[in-house]
1. Answer yes or no as to whether VAL89 is buried (at least 16 other Cβ atoms within 10 Å of the Cβ) and in contact with a Ser or Thr (Cβ under 9 Å, 6 or more places away or on another chain).
2. Among (1) touching a Ser or Thr at 6+ places or on another chain (Cβ under 8 Å); (2) open to solvent by 50 Å² or more (accessible area, probe 1.4 Å); (3) part of a strand (DSSP E or B); (4) within 16 Å of the ligand (Cβ to nearest atom), which single condition is LYS96 missing?
3. Any idea how many residues of region 54-67 are touching a Phe, Trp or Tyr at 6+ places or on another chain (Cβ under 9 Å), open to solvent by 10 Å² or more (accessible area, probe 1.4 Å) and more than 11 Å from the ligand (Cβ to nearest atom)?
4. So, of the residues in region 68-86 that are open to solvent by less than 80 Å² (accessible area, probe 1.4 Å) and charged (D, E, K, R), which turns out to be farthest from the ligand (Cβ to nearest atom)?
5. Restricting attention to region 101-114, which residues are over 18 Å from PRO62 (Cβ atoms) and either at pLDDT below 95 or open to solvent by less than 60 Å² (accessible area, probe 1.4 Å) (or both)?
6. Tell me, which residue of region 21-39 that is modelled with pLDDT of 95 or more and part of a loop (DSSP other than H, G, I, E, B) is nearest to the ligand (Cβ to nearest atom)?
7. Exactly one condition in (1) farther than 19 Å from GLU26 by Cβ; (2) open to solvent by less than 20 Å² (accessible area, probe 1.4 Å); (3) in contact (Cβ under 8 Å) with a residue 40 or more places away in the chain is not met by GLU45; state its number.
Amino acid sequence: MNMRLTMLSLAAALALGVAGGAHAAEYVVGQKNKTFVDEAGNKVEHLSIKVGDTVRFLNEDPFFHNIFSLSEVKTFDLGSFPEGDSRTVTFDKAGKLDIECAIHPQMHMVLEVQ
Ligand SMILES: [Cu+2]
């Protein structure tokens, strides 16, 4: 393989990565058995992320969830969405949020944006 071509491709890939916001992470928080869970299926009560990161809320239950937060840091209401669907929220301010489900009042997690 041509060495110079390889270096050029690498530089292009890096440039694309930066332009695409490669620094921001996306976390997936599932809703399973009326609980917030991580990608391994473990219960999430507290999640720390960085300013600019995104959380994708993924419904893994065979019924609707409606994830929302009334916290000052970021108020949102994702509406009802069914199994297999997800909604994404980007957090651009530091602070702590309580995240809940409008359909299942027992569901709760704390998100800390640092
Ligand atoms: Cu729910």
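The values are calculated or read from the model by the stated rules, or taken from the named source; none is laboratory data. What you are looking at is a predicted structure, and each value in this text was computed from that prediction instead of being measured. Methodologically, a virtual Cβ is constructed for each residue, glycine included, from the backbone with ideal geometry; neighbour enumeration extends over all protein chains shown. When the accessible area is computed, the model is the full protein with side chains, heavy atoms only, and any ligands, DNA or RNA have been set aside. Shrake-Rupley method; radii C 1.70, N 1.55, O 1.52, S 1.80 Å.
1. yes
2. Every listed condition holds for LYS96 apart from (4).
3. The number of residues fulfilling the criteria is 2.
4. Of region 68-86, the ones open to solvent by less than 80 Å² (accessible area, probe 1.4 Å) are 68-69, 71, 73-74, 76, 78-82, 84-86.
Subset that is charged (D, E, K, R): 74, 85.
Details: LYS74: 19, ASP85: 13 Å.
Filtering region 68-86 for residues that are open to solvent by less than 80 Å² (accessible area, probe 1.4 Å) and charged (D, E, K, R), the one farthest from the ligand (Cβ to nearest atom) comes out as LYS74.
5. MET109, VAL110, LEU111, GLU112, VAL113
6. Kept after step one, since they are modelled with pLDDT of 95 or more, are these residues of region 21-39: 25-38.
Cutting the leftovers down to part of a loop (DSSP other than H, G, I, E, B) gives us 25, 33-34, 38.
Values: ALA25: 25, ASN33: 10, LYS34: 6, ASP38: 17 Å.
Checking each candidate, the answer is LYS34.
7. (2)
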